[in-house]
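Remarks on the structure that follows.
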Amino acid sequence: MATISFLFFSGPYQSESPETVVELAKAALAKGIKVKIFCYMDAVNSVMTVQKEVPGVTNIEKQFRDLIAKGVDVRLCTLCMLVRGTKDVIEGAQKAGTPDIAEMAEESDRFLVIF
Amino acid sequence: MPKKIVVLLRKSPHGSLFPAEGLRVAVAVSTMDTKVVVIGDGVYAFLKEADMTLYKRHLDFLSRPMLEEAAPLMILIDKASLLERGLKEEDLIENVTVKDHGEILKIIGEADVTLTF
């Protein structure tokens, strides 16, 4: 099975980057492609729990929950979480480190960076 | 065949952590066929007078690998980016290599994975 990985940098509710990652991941899943997402720097906040539902705004927490439920491998930079005080993240998102980026680069057929 | 990795540093060390984080990732992928390529405002991170508190240890690791048989990881600076900013090769720290813009583009173009910071 082909694999695509994303190195993702953006926190939620400031730009469309989280939505972009989610939609690209969904499109890849629809084609039977395995998806991995590494949340780096502010992106670790995109998978925080208890994000408020706001009408007309895409709820990023829910989107990531759906991706994980569909088998997407979501990893979080542990150091980035520590410096931001990010604690409560959605179930299934795994704490990780920069060596995981090396592993993903090695194992993936395509590697995209989304700011 | 091992994948060719480029860690592409584009941003100034002033106002963001991107160069420091990019070099942290460069350390993580340094056992692969990796080059650090520096373009645009990223060149400011390698000036002699730059405050390297946040990434000095990464630079030290990259220039002096722990394993004796490992080659130092190459940090390649885009000459055009230097000239555009009125900078010269002599303004840069040791252990970096200045390359013509065409060579920089070729290296980026040949990479299997480009990790942009």
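Values in this text are rule-based calculations from the coordinates and carry no lab data. As the structure is a computational prediction, the values presented were derived from the model and not from experiment. Every residue, glycine as well, gets a Cβ built from its backbone with ideal geometry; the counts of neighbours run over all protein chains shown.
Build a GNM of chain A with springs between Cα atoms under 10 Å apart, and of A:PRO99, A:PRO12, A:PRO55 the one that fluctuates most is A:PRO55. In a reduced charge model with +1 at each Lys and Arg Cβ and -1 at each Asp and Glu Cβ, the protein assembly as shown shows a dipole moment near 440 debye about its Cα centre. Taking R0 as 35 Å, what's the FRET efficiency between B:ASP51 and A:ARG84 from their Cβ-Cβ distance, rounded to 0.05? After rounding to 0.05, the efficiency reads 0.95. At a Cβ-Cβ separation cutoff of 4.7 angstrom, cysteine residues of chain A with no neighbouring cysteine are A:CYS39. Using the alpha-carbon positions of the protein assembly as shown, Rg (one decimal) and Dmax (whole number) come out as 18.4, 58 Å.
Taking Rh as the Kirkwood radius, which is the inverse of the mean 1/r over Cα pairs, what is the Rg/Rh value for region A:40-112? Using Cα coordinates only, the ratio equals 0.99. Considering only beta bridges that DSSP places wholly inside the protein assembly as shown, some 5 percent are antiparallel. Longest span of chain B, sites excluded, free of GluC sites (Glu not before Pro) in DSSP loop with at most 16 other C-beta atoms within 10 Å? Here the longest run is B:1-48. Between A:THR58 and A:ALA30, the modelled labels are 1.3 nm apart [label points 7 Å from Cα along Cα→Cβ].
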